[in-house]
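Below is one structure, written out as structure tokens; comments come after it.
Please treat every number below as a calculation from the coordinates, not as lab data. For clarity, every value in this text was computed on a predicted model and none was experimentally measured. Because the Cβ atoms are built from the backbone with ideal geometry, glycine has one as well, and the counts that use them run over all protein chains shown.
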Amino acid sequence: MDVEDYLARGGVLTSPANASPRYRGELMRWMASFVDSELAGAAGFADLINQAPGLKERIAAARIVLEKTDHAERVLSVMGDFGADMARYAAHRPWDARIARDAEIGAQRYGGDMRLSVFHYPLQGWIDAVTFNVVMGAAVGVQLEEFARVSYAPLAEVLRAILPRERRHAELGAEGLKRVVATAAARESALASLAYWRPRVAETFGLASSGRFETLKRFGLRHRRNEELLADWRARLDAILADLHLL
């Protein structure tokens, strides 16, 4: 039985030596996207720490920045096993670089790195930042649950350790948003941010009926289709927003 047949039957790999070139390429592509997105997300959120309204919020924001950077390092260590240059990786891109707020780039890659497109857009103030954290946090939970079952065992182990921390980030966002929408003006600002971020986060789930899905499923790198993950995210986010009276 060759490696691809083994994976199609639910097998797992534990070493880069056992990975086919196509499998290696797909796995590295996802890991690079994750690492770049975590670094870009942390860099963007770091700029907002001093805008937090209180010490508790500043501590939560600093924790998110620290842990996202740590998550990037953990997955980068797996990439290092495949030959990625870990020493130069973190500094080779301007992770805090952003495009104009009103730009429209869809889901495309932009600017030379592999971050998800949503991380090219700038945050505008504390309410916008915590709103984004709620919307994107729900998406990260759905996506990491999918990839924590990936067929490359060392990566799956890392992602399973990361997942509860990312869930806590989303909870911190919801707690922060609940505190700041107590006034009518803040509520209107949060609703405007929701209208801005929801379609941009939705684009991170990719195209419906993606032609690459069957290949990724055969490799054990995916299990549910993009449209299933998107529907899951929408349901989870709606439940959170209903609890915050923001629907």
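Quick notes on this one:
- The modelled label-to-label distance for the pair Asp70/Asn18, using points 7 Å beyond Cα in the direction of Cβ, is 3.0 nm.
- Mean separation of Cα contacts under 8 Å, 6 or more apart, over the residue count of the chain: relative contact order %: 24 percent
- Relative contact order (%) - the range 109-247, alpha-carbon pairs under 8 angstrom, separation at least six: 31 percent
- Qualifying aspartates and glutamates (Cα of each under 16 Å from Cα of Lys68; at least 8 residues distant if same chain): Asp36, Glu38, Asp47, Asp96, Glu166, Glu171
- Alpha-carbon centroid distance for the pair the range 168-219 / the range 10-47, whole angstrom: 21 Å
- Straight-distance candidates among the lysines for linking to Lys178, with alpha-carbon spacing under 22 Å and chain neighbours fewer than 8 residues away dropped: Lys56.
- When each of the peptides 130-139, 70-79 is scored by the mean number of other C-beta atoms lying within 10 Å of its residues, the order from highest to lowest reads 130-139, 70-79.
- Rounded, prolate or oblate (a/c below 1.5 giving rounded, otherwise prolate when a/b exceeds b/c) for the range 106-247 by Cα gyration tensor: prolate
- Less than 5 angstrom separates the built amide H of Leu13 from those of Tyr152, Ala153, all sequence-distant by 5 or more or on a different chain.
- Within the range 87-195, the trypsin sites (Lys or Arg not before Pro) that combine a DSSP coil assignment with at most 16 other C-beta atoms in a 10 angstrom radius are Arg101, Arg109, Arg149.
- For the range 167-235, the fraction of alpha-carbon pairs lying more than 17 Å apart is 60 percent, rounded to a whole number.
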